[in-house]
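Encoded as structure tokens, here's the structure I'll be asking about.
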Amino acid sequence: MKKYTYSEKKDTRSGFGAGLYELGKTNKNVVALCADLTGSLKMNEFANEFPDRFFQSGIAEANMIGVASGLTIGGKIPFAGTFANFATARVYDQVRQVVAYSDKNVKICASHAGITLGEDGATHQTMEDIGLMKMLPNMIVINTCDYNQTKAATLAIAEHVGPVYLRFGRPKVPNFTPADQEFKIGEAIILNEGTDVSIFATGHMVWKAIEACEILEKKGISAEIINIHTIKPLDKKSVIESVKKTKAVVTAEEHLMNGGMGDSIAQLLALELPTPLEMVAVDDKFGESGTPDELITKYKIDTSDIVSAAERVITRK
């Protein structure tokens, strides 16, 4: 197995903040909006350095989305930031009508996604957002795995013309991808080649998949690890090529089983290459208050759960 190491843990929201600040220096059309969470989304540097291009909407997310859509008409590239729950469920009508349906060049930047928001509990956690956003025509859906990839994705989506949903998180996670990487929308990344099972992971679960791969190797199981950072459009070619080789699939995500990345891969395989599949995801439950580690364990999306899923699916070949 290819060995991955990291020198530090960093939160992915800081990767977004760093990318946004860099864009502010290099692209004068980039503007930023926030719904009273500037510090939480690490947008302070941009706001302080470019006050004429930063708009604080207050706790009025629907209005923020409308303003962002309007700014595109003048050629601006708006990055609208808030918690993932508020960027989707709270403003879904606005996102559908004035961003996706209107095909506006708005970048919806959603922090504190998934269950690892932790102690804030179910009302602030969201595990439905990927499903909500991927169902919208014209919408790109990206879920990054670490600080460096989040920064690279933030830079890349400024070049894409059209709506984007960029999902990232609060906890500090291993920062293991290259600092100088080029982020390519819609191109999955093979982290480890294997022959027995394909593990497709997204977001914070990518590092969990790498940990699981190391454990499986000691058990004599060769796992292929693929980072699905772009959930829509899904890299169908890479998925099919991997599954043709391994003939067994595990998907891993910090999201509900319903509507997530696993659903997208299951649909693809059902249509083109029926294959045994196990999903490591939250099974039809809301979250609750707790530390990120406690919740990951309780909701069965930890490293050990990926290992168990891989062992189960191999027996179904």
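The values are calculated or read from the model by the stated rules, or taken from the named source; none is laboratory data. Only a predicted model underlies this, so the values are computations on that prediction, with no experimental measurement involved. Backbone-built Cβ (ideal geometry, glycine too); neighbour counts: all protein chains shown.
How many residues does region 190-223 hold that are buried (at least 24 other Cβ atoms within 10 Å of the Cβ), within 21 Å of L269 (Cα to Cα) and touching a Ser or Thr at 6+ places or on another chain (Cβ under 6 Å)?
Total satisfying the criteria: 3.
While we're looking at this one, here's another question. Checking A122 against (1) at pLDDT 95 or above; (2) hydrophobic (A, V, I, L, M, F, W, C); (3) not in a helix (DSSP H, G or I), which single condition isn't satisfied?
Evaluating A122 over (1) at pLDDT 95 or above; (2) hydrophobic (A, V, I, L, M, F, W, C); (3) not in a helix (DSSP H, G or I) leaves (1) as the failure.
Restricting to region 1-25, name every residue that is farther than 24 Å from I199 by Cα and aliphatic (A, V, I, L, M).
A18, L20, L23
Could you please find all residues in region 13-53 being in contact (Cβ under 8 Å) with a residue 40 or more places away in the chain, in contact with a strand residue (DSSP E or B) (Cβ under 7 Å, 6 or more places away or on another chain) and part of a helix (DSSP H, G or I)?
Within region 13-53, R13, F16, L20, L23 meet the criteria.
Could I ask something else about it? Determine whether region 170-179 contains at least one residue that is part of a strand (DSSP E or B) and of a type in the set (F, W, Y).
Among the residues of region 170-179, not one is part of a strand (DSSP E or B) and of a type in the set (F, W, Y), which makes the answer no.
Checking I65 against (1) of a type outside the set (D, E); (2) in contact (Cβ under 8 Å) with a residue 40 or more places away in the chain; (3) over 29 Å from Q125 (Cα atoms); (4) not in a loop (DSSP other than H, G, I, E, B): exactly one of these is not met. Which one?
Against the list (1) of a type outside the set (D, E); (2) in contact (Cβ under 8 Å) with a residue 40 or more places away in the chain; (3) over 29 Å from Q125 (Cα atoms); (4) not in a loop (DSSP other than H, G, I, E, B), I65 comes up short only on (3).
Looking for something small (G, A, S), in the same structural domain as A270 (by TED's automatic domain parsing) and crowded, with 24+ Cβ neighbours inside 10 Å - is there at least one such residue anywhere in region 226-246?
No, the conditions are met nowhere in region 226-246.
Looking at G19, G70, G121, G75, which is the one that is of a type outside the set (A, V, I, L, M, F, W, C) and crowded, with 24+ Cβ neighbours inside 10 Å?
G19
Exactly one of these conditions fails for E187: (1) modelled with pLDDT under 95; (2) assigned to a loop (DSSP other than H, G, I, E, B); (3) among the acidic types (D, E). Give me its number.
Answer for E187: the failing condition is (1).
If a residue has to be in contact (Cβ under 8 Å) with a residue 40 or more places away in the chain, not in a strand (DSSP E or B) and not polar (S, T, N, Q) to count, how many in region 69-102 make the cut?
Summing the residues that are in contact (Cβ under 8 Å) with a residue 40 or more places away in the chain, not in a strand (DSSP E or B) and not polar (S, T, N, Q) in region 69-102 gives 12.
Here is a check on your reading of the model: is T82 in the same structural domain as Y165 (by TED's automatic domain parsing), within 15 Å of M139 (Cα to Cα), surrounded by 24 or more Cβ atoms within 10 Å (Cβ to Cβ) and not aromatic (F, W, Y)?
no
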